[in-house]
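The values are calculated or read from the model by the stated rules, or taken from the named source; none is laboratory data. Quantities reported herein were computed from a predicted structural model and do not represent experimental measurements. Every residue, glycine as well, gets a Cβ built from its backbone with ideal geometry; the counts of neighbours run over all protein chains shown. Side chains included, ligands, DNA and RNA excluded: accessible areas come from the protein's heavy atoms. Shrake-Rupley method; radii C 1.70, N 1.55, O 1.52, S 1.80 Å.
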Amino acid sequence: MSADRPQKHRSPVILVVSPDEQSAEVTIEGQTHVVSGGTPKETRNAALDAAARYAAHIGASVLVNARDANGAWQLIVSPTGVVRAAGGSEVTLAARPGRRRGIVLAAVGGVLAVAAVAGAGAAAVRILPDITATRVEDGGEAAVMLPGRAAPPGFSQEAAWKLPARPGASPAVTPDGSALAYVDPEERIVVADPDGAELWSDDLPLAPEDIDGTPAFVPDGDEYGLAITGDSTLWQWPAGGGTPDAVELPAESRVTFAGSTPLVLEGESAYLPEGDGLQEVEVPDGYGAMLAEGGRVLTAVRTGPWTWVDTDGTASEVEPDPPAGAEEPAEMLTARQGYVVLLWSAADGGDDSGVLALHDSADGSIVAEAPVDSDTVADASWVRGDSVAAYGPVLIDLDSGAATTLEEFVPFSAAGELVYGEADGAPVAVGADGEPVDLPDNTARPWGVLGGRAIVAAADGLYALLPE
């Protein structure tokens, strides 16, 4: 059978453009994939690219049943990347930078067309109507609304934009709120700017379900690269994308991003990634490595000072300043980028009385402190937003150093100026002032704040919610 003719025993490719034209479903041999684009043209472009890749894979032309809100069309895509209307003339796909083949789109008579770019008098084949990216209703722009969930405090259900994302894949936002990383329905890692425009993307080097945790932004000069772990490998992309370094991890090791850069831990050993390899860091006897920042590792013991160790073996001990009313360090609770959290025994009080102190990890100075019942912070967790953080029931204003204790509060996450969790078992959001705001059970908790907009997830993608 000729490769230019669709095989009759194969089901046609089904291409359905969504009503908002931000995504399209492409069904191939019963498997549905979602593609997307920044504009309606880019969405159709991505959908036709998927059909072209399938035709090349099977070595035969495929029939495409294409449909959107305005009608339906039939196309034929050949394995050499030629698109034509069923029964119509052929139109050649043109090469596009960064991809093996692409589709040049042109407006012809008010409709979307695929046009040949080689030679004069190229034919144009009508495929799908060209509808503007922003719909207009009643003289104004139609809103993109978060479906089925309440918006977090300070934000509306109206979104500046929506991006299709793989369900269940956790997004990440840079610490400075300048970029978003997520896994799209085509199983690519995508980095987008505050307007939702793609900065760069790459095919995932592993199955999305095998990613450990979430993507992590890591400093790369004055910008941010991206790292993911899974399948006993650490991948690190440079700022701007490109080919990632793939670091094979030792057996039974784990990677922590508690600091600004990844740290590989294996038993009592610690390693820093260097290119596609690992450089071991000498951990002092009796100490444990906790995090890495800028080529050095913070190591600590349960009580007492902590020690920074450089890759050349240079060690620098940090003696923490005692908070007011404290006697001696009782326990190091955790260390995170820029900070160490210590529990101090209280000079006056019972066995359960203590002082929780947030220290600058570089010099040991006090950032914030609060009296606590030692039992309430024994198994607590640390979360941090932009200028607010919490360790268990203690809320900390990172700018002013004020600390407030909210009894029976358990933090889950933080974003922007709010910490999200439960107080007395009910969902709340709390600012640095410690005043809880009750939340509906279905409130969407932000993954971060990107360009002043809250990034939340819904079943059909990621939404950038506008501030109220």
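Scalar couplings 3J(HN,Hα) for the stretch 193-199, obtained by applying the Karplus form with A = 6.51, B = -1.76, C = 1.60 to θ = phi - 60°, are 8, x, 8, x, 7, 5, 8 Hz; x denotes Gly and Pro.
In the context of the full set of protein chains, the stretch 399-468 has a per residue accessible area of 46 Å² (1.4 Å probe). Taking a point 7 angstrom from the Cα of E29 along the C-beta vector, which residues in the stretch 43-74 have backbone N less than 13 Å away? Counting only backbone N, you get 54-60.
Averaged per residue, the stretch 137-275 has 46 square angstrom of accessible surface, using a 1.4 angstrom probe with ligands and nucleic acids left out. In the stretch 396-468, the inverse of the mean reciprocal separation of distinct Cα atoms equals 13.1 Å; this is its Kirkwood hydrodynamic radius. Calculate the FRET efficiency for E331 and S11 from the Cβ-Cβ distance with a Förster distance of 51 Å, rounded to the nearest 0.05. Efficiency, from the Cβ-Cβ distance: 0.20. Using a probe radius of 1.4 angstrom, the carbon and sulfur fraction of the accessible surface of the stretch 244-340 is 38%.
Amide H to amide H distances under 5 Å link Y339 with S361, where only residues 5 or more positions off or on other chains count and H is placed in the peptide plane. For a distance above 16 Å, tell me the whole-number percent of Cα pairs in the stretch 183-263 that qualify. Cα-Cα pairs in the stretch 183-263 separated by more than 16 Å: 51 percent.
In this simple spin-label model, placing a label point 7 Å from the Cα along the Cα-to-Cβ direction at both Q74 and T214 gives a separation of 4.8 nm.
Per residue, the accessible area of the stretch 298-372 comes to 43 Å² when a 1.4 Å probe rolls over the protein heavy atoms. Close amide-amide hydrogen proximity is noted between L450 and I455, each under 5 Å apart and 5 or more residues distant or on a separate chain (H modeled in the peptide plane; Pro and chain starts excluded).
Quick check: at a probe of 1.4 Å, how many percent of the accessible area of the stretch 16-67 sits on carbon and sulfur atoms? Of the solvent-accessible surface of the stretch 16-67, carbon and sulfur hold 51 percent. According to the Cα-based calculation, Rg over Rh for the stretch 245-310 is 0.95, with Rh computed by the Kirkwood formula.
Expressed as a whole percent, the accessible area of the stretch 351-437 that falls on carbon and sulfur atoms is 44 (1.4 Å probe).
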